[in-house]
Amino acid sequence: AGLYARGSTKVLEQRPTRDHTERLLTLFGAQIEQTENKIYIRKAKELKPISFEIPGDFSSAAFFIAAALIVPGSKLRILNVGLNATRIGLFPVLKAMGANIQIEEINNQKEPSGILVVKASELSGITLDKNTVPMMIDEIPILMILCALAKGRSVIRGVEELRVKESDRIRSMAAGLRAIGAQVEELSDGCIIEGMSEFRGGRLSSFKDHRVAMSFMVAGLKSREGVKVEESDCIAISYPQFEADLKRAFGNS
């Protein structure tokens, strides 16, 4: 909106957030200045067209990263993944949990991208620092799946924003995890998850939430009885070919 407002518009941040908008508007010729916790934009006289290759979405890649970590013997290379530092908060969290995940190369364009290499790993539980949440809020559902398959207890706090997404994702994920045999304590701003070696499996609702549905499809790869996700057609909101790509990468695992 600041592109069309008279004078200068200032946005204040309590914590750094994802900066795709600032990066791309700058490429289009917008006048943007940033300090530690302030973003200024002035009314634009003119924006210019550009040629720009959009890298793959890290949030979509996160489901395949998780699948590779939990399927025994897996090694997966994911190409052209967006590696903007403000978007990949899940990466250091997974490393802290013991994940064998590496960045093989980086293309340092305005929105950096690269290749991720992921191998099956034994994971340990983690306590999530709320300061990292803005960098990984969309990946919390799939992180909850990994926490349920990690050794020990995991504590996730500061994610109350999840209650006002496509569904109340804290409640949706907790309900789904319990339905397939996991131990989860729901908190007002997160949850506590006790790790286990594999899920029992079962039938659960997606709550018509694409990230919930994709998370539990991945969970099915590490279950004794399989996982049936109801109303999974909601996945088309963000990734229409997800189920086909998951089968292509992991077959009948």
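The values are calculated or read from the model by the stated rules, or taken from the named source; none is laboratory data. The structure displayed is predicted, hence computed values, not measured ones. Heads up, the Cβs are rebuilt from the backbone with ideal geometry, glycines too, and the neighbour counts pull from every protein chain shown. For accessibility, only protein heavy atoms count, side chains too; no ligands or nucleic acids. Shrake-Rupley method; radii C 1.70, N 1.55, O 1.52, S 1.80 Å.
The table below gives the values:
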| quantity | calculated |
| --- | --- |
| Residue match in the stretch 139-147 (condition: surrounded by fewer than 22 Cβ atoms within 10 Å (Cβ to Cβ), farther than 19 Å from Glu185 by Cβ and of a type in the set (Asp, Glu)) | no |
| Checklist (1) surrounded by 14 or more Cβ atoms within 10 Å (Cβ to Cβ); (2) in contact with a strand residue (DSSP E or B) (Cβ under 7 Å, 6 or more places away or on another chain) applied to His210, failing item | (2) |
| Residues being surrounded by fewer than 22 Cβ atoms within 10 Å (Cβ to Cβ), under 25 Å from Lys222 (Cα atoms) and touching a helix residue (DSSP H, G or I) at 6+ places or on another chain (Cβ under 6 Å) - total across the stretch 168-190 | 2 |
| Only listed residue being touching a residue at least 40 places away in the same chain (Cβ under 8 Å) and over 23 Å from Ser238 (Cβ atoms), chosen from Ala120, Ala68 | Ala120 |
| Only one of Glu122, Glu105, Glu111 that is open to solvent by 40 Å² or more (accessible area, probe 1.4 Å), acidic (Asp, Glu) and part of a loop (DSSP other than H, G, I, E, B) | Glu122 |
| Total residues in the stretch 73-87, condition touching a helix residue (DSSP H, G or I) at 6+ places or on another chain (Cβ under 9 Å), open to solvent by 30 Å² or more (accessible area, probe 1.4 Å) and not hydrophobic (A, V, I, L, M, F, W, C) | 2 |
| Top-ranked residue of the stretch 39-56 - restricted to ones that are among the charged types (D, E, K, R) and touching a residue at least 40 places away in the same chain (Cβ under 8 Å), ranked as most open to solvent (accessible area, probe 1.4 Å) | Glu53 |
| Complete set of residues in the stretch 223-237 that are open to solvent by 50 Å² or more (accessible area, probe 1.4 Å) and touching a residue at least 24 places away in the same chain (Cβ under 8 Å) | Arg224, Glu225, Lys228, Glu230, Glu231, Ala236, Ile237 |
| Selection from the stretch 191-207 of residues that are touching a Ser or Thr at 6+ places or on another chain (Cβ under 7 Å), under 26 Å from Asp57 (Cβ atoms) and open to solvent by 10 Å² or more (accessible area, probe 1.4 Å) | Phe207 |
